[in-house]
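The values are calculated or read from the model by the stated rules, or taken from the named source; none is laboratory data. Note that this is a predicted model, so its numbers are computed, not measured. Don't worry about glycine lacking a Cβ; one is built from the backbone with ideal geometry, like all the others, and counts go over all protein chains shown. These accessible areas exclude ligands, DNA and RNA; they are computed on the full protein's heavy atoms, side chains included. Shrake-Rupley method; radii C 1.70, N 1.55, O 1.52, S 1.80 Å.
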Amino acid sequence: MENKPRVLTDGDVVDRLGKDIIILLQHHPFFAYFLSKMKKVVDTRVPIAGVSVINGDITLYINPEGYLRYRREERLFILIHEVMHVIFYHHLRKKNRHHGLWNVAADLAINQLIETKEAHMPIDCLRLDSWEKKHGFRLPPNLSAE
């Protein structure tokens, strides 16, 4: 009998997301609480995860293939990362800036702040050192997205 790859369902990612939020509740209750109040949408248009704030309603978008390919510690980092976009008001501070560049700047600012015992930055996340290697110039640490 041939082993076929398992196709991930929306239920798989929703189940895993719920379990990840429970782990955060034990170690980072602020982020868990914030996540528990967000609407969750499974969406393959986002690479891994994303957030939107529309009329005060916060939505977390999760791509099953993108999210579930990470280890638990990396998924926790991703969830904290998405919450930080909201608590730092990145959706309001963007103003008329280029969306892609603003998101890169916001990601670089956030990613410096998250590393904890339970949440580890995925290797493919934007980092100041990888930015310098790729683009040939150094960005100072600990600055805001602006």
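So is F34 buried (at least 18 other Cβ atoms within 10 Å of the Cβ) and of a type in the set (F, W, Y) or not? Here the answer is yes, as F34 does meet what is asked.
Looking at I87, I58, can you tell me which residue is open to solvent by 30 Å² or more (accessible area, probe 1.4 Å), touching a strand residue (DSSP E or B) at 6+ places or on another chain (Cβ under 8 Å) and in contact (Cβ under 8 Å) with a residue 24 or more places away in the chain?
Working: I87 fails: touching a strand residue (DSSP E or B) at 6+ places or on another chain (Cβ under 8 Å).
So the residue among I87, I58 that is open to solvent by 30 Å² or more (accessible area, probe 1.4 Å), touching a strand residue (DSSP E or B) at 6+ places or on another chain (Cβ under 8 Å) and in contact (Cβ under 8 Å) with a residue 24 or more places away in the chain is I58.
Entry remark, the stretch 28-51: residues being of a type in the set (D, E, K, R), over 16 Å from H81 (Cα atoms) and part of a strand (DSSP E or B) number 1 in total.
Which is part of a helix (DSSP H, G or I), surrounded by 15 or more Cβ atoms within 10 Å (Cβ to Cβ) and touching a residue at least 60 places away in the same chain (Cβ under 8 Å), of I23, I78?
I23
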